[in-house]
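The values are calculated or read from the model by the stated rules, or taken from the named source; none is laboratory data. As the structure is a computational prediction, the values presented were derived from the model and not from experiment. As a convention, Cβ positions derive from the backbone with ideal geometry for all residues, glycine included, and neighbour counts pool all protein chains shown. The accessibility values were calculated without ligands, DNA or RNA, using every heavy atom of the protein model including side chains. Shrake-Rupley method; radii C 1.70, N 1.55, O 1.52, S 1.80 Å.
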Amino acid sequence: MRNFSFVNPVRIEFGRGKEKEIGKYMSEFEAKKAVVLYGSERVRHSGLLGVATDDLKAHGIEFVEVGGVKSNPVLSKVNEVIKIAKDFGADSILAVGGGSVLDSAKAIAAGACYDGDVWDFFTGKEPNKALKIFDIITLAATGSEMNTGGVVTNEQTRQKYAIQAQCLFPKVSVINPELQATVTPEYLVYSASDIIAHSIEGYFTASYHPELIRMQIEANIKMVVKTTEILLANPDDYDARAEFAWAATMALNGFTYLGVEGYSYPNHMIEHAMSAVTDCPHGAGLSVVIPAWMKWYKDKNKTAFERFAREIFGLKTADEGIEALKAWFDKVNTPTALKQLNIDDKILTEIIEVANHHSKDWGMSDIYTNDAIAEIFSYAR
């Protein structure tokens, strides 16, 4: 393994009923005034929001509720809530929802402690101070509950970029798999695609990859494949839901990149352009991009692709592994072709243009030129 420094201070509270003690957890970190951030009103109708806020009241934590965070969260909403947080004098933020809500919460937490434009933190400047971040995760996908990153789209510039800093680690993340049982089949498989994408970026692109880390990634992917199929048949299977949820966390909490060298995130770079232009679900865009990118990239690291085919699907060749993954995406009914997302040639031209800008900003333009991106998308028709 290559040299590394690793710190992950996030406290995970995992299991049934843990959300009922969120006020207790927050009070242990001396939270006094919190913004409670959520997406749709489903969390209110389900009773989850009330459970959380009742415990905040029980522990003397003042709060203001703000809803309306959308999938593929946007900068305008982040700026709206930053003002609310500042006016309220918040010292903390509680995200109740999925990765979009928590990603927004991280940006808000940084922006509420900053006098400038929060977008500065997405374009080179690193925050060194933030509100205390807490979350109750209702969708397993992004891994945001145990990392320092968050992704937001600037609607004006069509840039879908990330904020990242040590001060954005959540203090406590609550993962109760029972809260995720109402996730629709569509978003379950989109989540599976996202988890797989987090797992394979380094696996295929790294110039050096430790054996132990490869084995951990393979175990994660196999668990996602297995539990996705179980949950499609029986959404109330707690054990499968729990393992799926933890696989999502493990895919992007830093463990699967320890000692890894020379890797990049091309699938995410390309998909971010897709969802910035079309607002398609992130996981749906990834399931279109991944097999196409794999076909284009396979000869650059054939050994890893052959290993993937063998370890994940029991096959031999790189091409067989790629086709097996695409077939599995088709089996669970997540898109694998541009037409399934209603992306025509005109829209695709816009996506390629945005992806070309992203590749420059992500430091990947030496490989992902305009022509290369267009060629990758040719495999997704």
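Identify the residue in the range 124-140 that is farther than 17 Å from L37 by Cβ and either at pLDDT 95 or above or in a strand (DSSP E or B) (or both) and, among all such residues, is nearest to the chain's Cα centre (by Cα).
Pass one, the range 124-140, residues farther than 17 Å from L37 by Cβ: 124-129, 140.
So of that shortlist, the ones also either at pLDDT 95 or above or in a strand (DSSP E or B) (or both) come out as 125-129, 140.
On the way: K125: 21, E126: 20, P127: 20, N128: 22, K129: 22, A140: 9 Å.
Of everything passing the filter in the range 124-140, A140 is nearest to the chain's Cα centre (by Cα).
Specify the residue that is farthest from the chain's Cα centre (by Cα); the eligible residues are those in the range 161-171 that are within 19 Å of I82 (Cα to Cα) and open to solvent by 10 Å² or more (accessible area, probe 1.4 Å). Show your work before the answer.
To start, the set of residues in the range 161-171 that are within 19 Å of I82 (Cα to Cα) comprises 161-165, 167-170.
Cutting the leftovers down to open to solvent by 10 Å² or more (accessible area, probe 1.4 Å) gives us 161-162, 164, 167, 169.
On the way: Y161: 12, A162: 11, Q164: 13, C167: 18, F169: 14 Å.
It comes out as C167.
Any residue at all in the range 227-237 that is within 18 Å of the chain's Cα centre (by Cα) and either buried (at least 22 other Cβ atoms within 10 Å of the Cβ) or not polar (S, T, N, Q) (or both)? Even if it seems obvious, please write down each step before you answer.
Filtering the range 227-237 for residues within 18 Å of the chain's Cα centre (by Cα) gives 228.
Filter once more, so that each one left must be either buried (at least 22 other Cβ atoms within 10 Å of the Cβ) or not polar (S, T, N, Q) (or both): 228.
The answer is yes; a qualifying residue exists.
Using beta carbons and a limit of 6 Å, which pairs, at least six apart or on different chains, have the first residue in the range 185-199 and among the basic types (K, R) and the second one in a helix (DSSP H, G or I)?
none
Output the residues belonging to the range 330-352 that are more than 20 Å from the chain's Cα centre (by Cα), part of a loop (DSSP other than H, G, I, E, B) and crowded, with 20+ Cβ neighbours inside 10 Å.
I343 - this is the single residue of the range 330-352 that is more than 20 Å from the chain's Cα centre (by Cα), part of a loop (DSSP other than H, G, I, E, B) and crowded, with 20+ Cβ neighbours inside 10 Å.
Mind telling me which of the residues A355, A309, A327 ends up being open to solvent by less than 30 Å² (accessible area, probe 1.4 Å) and out of contact with any Leu (no Cβ under 7 Å at 6 or more places or on another chain)?
Numbers: A309 fails: out of contact with any Leu (no Cβ under 7 Å at 6 or more places or on another chain); A327 fails: open to solvent by less than 30 Å² (accessible area, probe 1.4 Å).
Being open to solvent by less than 30 Å² (accessible area, probe 1.4 Å) and out of contact with any Leu (no Cβ under 7 Å at 6 or more places or on another chain) holds for just one of A355, A309, A327, which is A355.
For the range 141-155, which positions are in a loop (DSSP other than H, G, I, E, B) and in contact (Cβ under 8 Å) with a residue 60 or more places away in the chain?
Applying the first criterion (in a loop (DSSP other than H, G, I, E, B)) to the range 141-155 yields 141-143, 147-148, 155.
Result: A141, T142, G143, N147, E155.
With respect to I376, is the statement that it is hydrophobic (A, V, I, L, M, F, W, C), surrounded by fewer than 16 Cβ atoms within 10 Å (Cβ to Cβ) and in a helix (DSSP H, G or I) true?
No; evaluated as a whole, the condition is false for this residue.
Out of N3, N8, I need the residue that is surrounded by fewer than 19 Cβ atoms within 10 Å (Cβ to Cβ) and closer than 14 Å to V172 by Cβ. Which one? Quick ask: steps written out before the conclusion?
Values: N3 fails: closer than 14 Å to V172 by Cβ.
Matching residue, one of N3, N8: N8.
Looking at (1) within 29 Å of D194 (Cα to Cα); (2) outside any helix (DSSP H, G or I), which is the only condition V78 fails?
So V78 meets the others, but not (2).
Hey, among K57, K24, which residue is within 21 Å of A90 (Cβ to Cβ) and exposed (fewer than 13 other Cβ atoms within 10 Å of the Cβ)? Give the steps one after another, and end with the answer.
Values: K24 fails: exposed (fewer than 13 other Cβ atoms within 10 Å of the Cβ).
Exactly one residue qualifies, and that residue is K57.
Just to be sure I understand, how many residues within the range 321-330 are over 28 Å from E350 (Cα atoms) and in contact (Cβ under 8 Å) with a residue 40 or more places away in the chain?
1
Does the range 207-218 contain any residue that is part of a helix (DSSP H, G or I), without any contact (Cβ under 8 Å) to a residue 60 or more places away in the chain and farther than 29 Å from N3 by Cβ?
No, that holds for no residue.
With D120, D103, D87 as the choices, which residue is closer than 25 Å to A248 by Cα, of a type in the set (D, E) and open to solvent by 10 Å² or more (accessible area, probe 1.4 Å)? Steps first, answer last, please.
Details: D120 fails: closer than 25 Å to A248 by Cα; D87 fails: closer than 25 Å to A248 by Cα.
One residue alone meets the criteria, D103.
Return the total of residues in the range 243-256 being outside any loop (DSSP other than H, G, I, E, B) and out of contact with any Asp or Glu (no Cβ under 9 Å at 6 or more places or on another chain). Let's see the steps before the verdict.
Applying the first criterion (outside any loop (DSSP other than H, G, I, E, B)) to the range 243-256 yields 243-251, 255-256.
Subsequent filtering for residues that are out of contact with any Asp or Glu (no Cβ under 9 Å at 6 or more places or on another chain) retains 243-247, 250, 255-256.
Qualifying residue count for the region: 8.
Report, by residue number, each residue of the range 301-320 that is in contact with a helix residue (DSSP H, G or I) (Cβ under 8 Å, 6 or more places away or on another chain) and either free of Cβ contacts under 8 Å to residues at least 60 places away in the same chain or of a type in the set (K, R) (or both).
K302, E306, R307, A309, R310, F313, L315, K316, T317, A318, D319, E320
Could we say that L94 is part of a strand (DSSP E or B) and touching a residue at least 60 places away in the same chain (Cβ under 8 Å) here? I'd like the intermediate steps shown before the answer.
On the way: part of a strand (DSSP E or B): yes; touching a residue at least 60 places away in the same chain (Cβ under 8 Å): yes.
In short, yes.
Please go through the range 172-192 and pick out each residue that is closer than 24 Å to I93 by Cα and open to solvent by less than 10 Å² (accessible area, probe 1.4 Å).
Matches in the range 172-192: V172, S173, V174, I175, N176, P177, Q180.
Is it true that Y208 is open to solvent by 20 Å² or more (accessible area, probe 1.4 Å), aromatic (F, W, Y), under 26 Å from I12 (Cβ atoms) and modelled with pLDDT of 95 or more? Write out each step before concluding.
Values: open to solvent by 20 Å² or more (accessible area, probe 1.4 Å): yes; aromatic (F, W, Y): yes; under 26 Å from I12 (Cβ atoms): no; modelled with pLDDT of 95 or more: yes.
Here the answer is no, as Y208 does not meet what is asked.
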